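None of the figures in this text is laboratory data; all of them are computed from the coordinates on show. Remember, predicted model here, so these are calculated numbers, not experimental data. Glycine also receives a Cβ, built like all others from the backbone with ideal geometry; neighbour counts cover every protein chain displayed.
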Amino acid sequence: MWSGPRNISTAMMRAWGHRGDTFVVDEPFYAYYLKATGKKHPDAKEIIAQGETNWREIVARLTEEPLPPGKRIFFQKHMTHHLLPQIDREWLIDLTNCFLIRDPREVILSYIKRNPDPALDDLGFVQQCEIFEFVRTRTGAIPPVADARDVLEKPKRMLRMLCHELGVDFDEAMLSWLAGLRDTDGIWAKHWYDEVVRSTSFQPYKPREGAVPDHLREIHERCRECYERLYQHRLS
C-alpha cells in the first residue's frame, strides 16, 4: 500500500495486522531514505543504524523472503516519497499494489504541525502519481485506490471493497484492534504514532479546520492536481 505522510496509513496497517493470516512491515525504505537524503527527522541516526540502507537488500526481503508460519498475506506499508528515483521499480510488478490517498489540504495542515515549511517532495503526492502510473502502465490495469475520508466514514464497506479488489476475503478483525505499540512498528513510532497507539479502531472522520498558509499555496495546488488524478479512480 502506497501512501503519503499524515494519512491513515498506520491505522490501515493496524487493520491488516489484526488479521490472523497477515504479516505487516512498517516503512521498510525509511532508513535508506534518511541516509540517502540527509533529511533531519527525529532519531534519524538511530533509524539509519538499526534499519537496512541497501535498497537491493530491502527489495529482496520484500519479494523473496518467506512469510512467518501461518501467514499468507504480506501487507507492506510504504511511504511514496521513500521510493527515491534511483531505486529500480520493476519489483513492484511482482506484488499487488494499492494506493491510499488523502485530501492535500488536510495532509498539509497536519504536516506543518511538525514541519512548518515542507518541500513538495516531502508530501509524497507527486511520487504517488508516478508510482500509480508505473504500475498501471506495466500491468495494464488500474490498481485499487482508497480515499482516507471514505475509509473513515464507512470503514467496513471500504475495507470489504478493498479486499475484494485485492483478491482476499474480508475479515471482521480488520475493524478493531487492541491499543498500544506493536513489535512490527518502526522505532519512529514514539514520535509519529501517538493517536494510533491510543486507538482501537478507525476514528470517525472530522474535517480539519484551517487554511493552507500562503507560502504553501503553489505546493498545495500541485499536490491537489496529483490527488485528483488518483481520486477519479477511487473505490466508491
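Okay, helix-only estimate at 222 nm for the chain: each DSSP H run of n ≥ 4 adds -39500 (n - 2.57), divide by all residues, round to 500 deg cm²/dmol; what do you get?
Details: 12 runs with 102 residues, N = 236.
Theoretical 222 nm ellipticity from helices: -12000 deg cm²/dmol.
Report, in listed order, any pair from Lys77/Lys113; Lys113/Lys206; Lys71/Lys190; Lys40/Lys113; Lys39/Lys113; Lys156/Lys206 with a Cα-Cα distance greater than 21 Å.
Working: Lys77/Lys113 23 Å; Lys113/Lys206 17 Å; Lys71/Lys190 27 Å; Lys40/Lys113 15 Å; Lys39/Lys113 17 Å; Lys156/Lys206 18 Å.
In this structure, Lys77/Lys113; Lys71/Lys190 lie more than 21 Å apart at Cα.
GNM, the chain, Cα, under 10 Å: largest mean-square fluctuation among Asp183, Asp169, Asp121?
Residue with maximal mean-square fluctuation among Asp183, Asp169, Asp121: Asp183.
Toward the positive end of the charge dipole of the chain, about the Cα centre and with charges on Cβ (Lys, Arg +1; Asp, Glu -1), which of Pro143, Phe23, Ile8 goes farthest?
Going by the charge dipole, the pick is Ile8.
Taking θ = phi - 60°, what integer Hz values does the Karplus form 6.51 cos²θ - 1.76 cosθ + 1.60 yield along segment 163-176, in sequence order, with x for Gly and Pro?
4, 4, 5, 8, x, 10, 6, 5, 10, 4, 4, 6, 8, 7
Just to check, using Stokes-Einstein with a Kirkwood Rh over alpha carbon pairs, what's the diffusion coefficient of segment 127-236 at 37 °C and 0.692 mPa s in µm²/s?
On the way: Rh = 16.7 Å.
This corresponds to a translational diffusion coefficient of 197 µm²/s.
Would you list Ser199, Ser236, Ser3, Ser110 from fewest to most Cβ contacts within 10 Å? Let's see the in-between values first.
Numbers: Ser199 18, Ser236 12, Ser3 25, Ser110 15.
Fewest-to-most Cβ neighbours within 10 Å comes out as Ser236, Ser110, Ser199, Ser3.
Take every DSSP beta bridge whose two residues both sit in the chain, then give the antiparallel share in percent to the nearest 5. Intermediate values should be presented prior to the final figure.
On the way: 0 of 13 bridges.
Around 0 percent of the beta bridges assigned by DSSP in the chain are antiparallel ones.
Would you mind ranking Leu120, Leu67 so that the residue whose beta carbon has the fewest other beta carbons within 10 Å leads the list?
Values: Leu120 17, Leu67 12.
Ranking Leu120, Leu67 by Cβ neighbours within 10 Å, fewest first, gives Leu67, Leu120.
Which Cys in the chain stand alone, with every other cysteine's Cβ at 4.7 Å or more from theirs?
Here Cys98, Cys163, Cys223 come out as lacking a disulfide-compatible partner, given the Cβ-Cβ threshold of under 4.7 Å.
Considering only the other residues whose Cβ falls under 14 Å of the Cβ of Ala146, what net charge follows from Lys and Arg at +1 and Asp and Glu at -1?
Charge balance near Ala146 sits at +3.
From the Cα gyration tensor of segment 51-97, with a ≥ b ≥ c the square roots of its eigenvalues, which class applies: rounded if a/c is under 1.5, or else prolate if a/b is larger than b/c, or else oblate? Can you show the working numbers first?
Values: a/c = 1.90, a/b = 1.62, b/c = 1.18.
In terms of gyration-tensor shape, prolate.
Using +1 on the beta carbon of Lys and Arg, -1 on that of Asp and Glu, and nothing else charged, what's the dipole of segment 1-152 about the Cα centre, debye to 20? Intermediate results must be reported in sequence, preceding the final value.
On the way: 20 positive and 21 negative charges, 66 e Å.
In debye, rounded to 20, segment 1-152 gives about 320.
What number, in nm² with one decimal, is the all-direction average of the projected area of the convex hull of the alpha-carbon atoms of segment 2-231? Mind dumping the intermediate values first?
Details: hull surface 48.3 nm².
The orientation-averaged projected area of the Cα hull of segment 2-231 comes to 12.1 nm².
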